[in-house]
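Below you'll find the structure, written out as structure tokens, and then a few comments.
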Amino acid sequence: MRRLGVPAAVALMLAAGSSAAQTTLSITLPCVSQPDAEALVTAILPDLIENVGQICTPVLPANALLRQTTGPFIAKYRAEADIAWPRAQSGLTKLVGGGSDLLLATNMARPLVGTLLTPVLTRNVQPADCPALERIVRLIQPLPAANAAPLFVQILQFSDAKRKDKAGKPTLPICQTGTK
């Protein structure tokens with residue numbers, strides 16, 4: 001078994017679209033298609049929910065959806081994550097490139113990806129945001145789990161388009177229609 005270690009972990013973190021890391025290192029990442037980006041978000045959505053739940057624990061009641069680590073709510077996202085993982089691996093391979101397919105093919109890759117990407121995507125979540133986030137989650141709860149990641153990716157793209165003049169780097173490097 002080939003060990004890729006810290007360089008692969010750094011590459012995966014950069015593949016998450018960490019704006020700060022990209023700006024600091026002046027790295028331009030290749031883009032992924034919208035379906036690959038949605039698959040990646042779907043694959044880590046249970047981790048994202050759990051991470052936000054941990055941030056929100058001090059301010060949300062115990063019965064808040066964001067704080068649920070078991071039960072039907074989180075289970076439907078875990079099931080969808082399992083379905084999305086193969087496509088997410090493909091998208092990550094495009095982002096990370098050379099030799100990453102070996103790392104991404106292992107059973108250890110999936111939790112590693114979630115562990116590396118969720119802090120990047122939740123880095124700006126503050127406890128004061130939690131009541132609004134809980135309301136959003138309650139509003140999307142009746143929707144099929146397959147709708148959550150495309151909605152999340154669309155919001156990120158919308159937000160990126162609004163702040164592009166200031167920050168310059170997208171949260172997720174998604175190709176424009178007709179590329180990749």
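Remarks
- The residue of region 145-160 that is modelled with the highest pLDDT, among those that are hydrophobic (A, V, I, L, M, F, W, C) and open to solvent by 70 Å² or more (accessible area, probe 1.4 Å), is LEU151.
- Of all residues in region 31-40, those satisfying the criterion of being part of a helix (DSSP H, G or I) and either of a type in the set (Asp, Glu) or surrounded by fewer than 24 Cβ atoms within 10 Å (Cβ to Cβ) (or both) are GLN34, PRO35, ASP36, GLU38.
- Test: residue in region 109-116 that is open to solvent by less than 70 Å² (accessible area, probe 1.4 Å) and of a type in the set (Val, Ile, Thr): yes
- Test: LEU139 is modelled with pLDDT of 90 or more, more than 15 Å from ALA39 (Cβ to Cβ) and surrounded by 13 or more Cβ atoms within 10 Å (Cβ to Cβ): no
- Any hit, region 69-90, residues being open to solvent by less than 40 Å² (accessible area, probe 1.4 Å), within 17 Å of CYS130 (Cα to Cα) and either at pLDDT 90 or above or in contact with a strand residue (DSSP E or B) (Cβ under 6 Å, 6 or more places away or on another chain) (or both): no
- Tally of residues being of a type in the set (D, E, K, R) and within 16 Å of the chain's Cα centre (by Cα) across region 62-89: 4
- Any hit, region 58-68, residues being at pLDDT below 90, within 30 Å of GLN141 (Cα to Cα) and in a helix (DSSP H, G or I): no
The values are calculated or read from the model by the stated rules, or taken from the named source; none is laboratory data. Quick caveat: nothing in here was measured; it's all calculated off a predicted structure. Cβ: placed from backbone, ideal geometry, glycine included. Neighbour counts: every protein chain shown. Accessible surface is based on the protein model in full, side chains and every heavy atom, while ligands, DNA and RNA are left aside. Shrake-Rupley method; radii C 1.70, N 1.55, O 1.52, S 1.80 Å.
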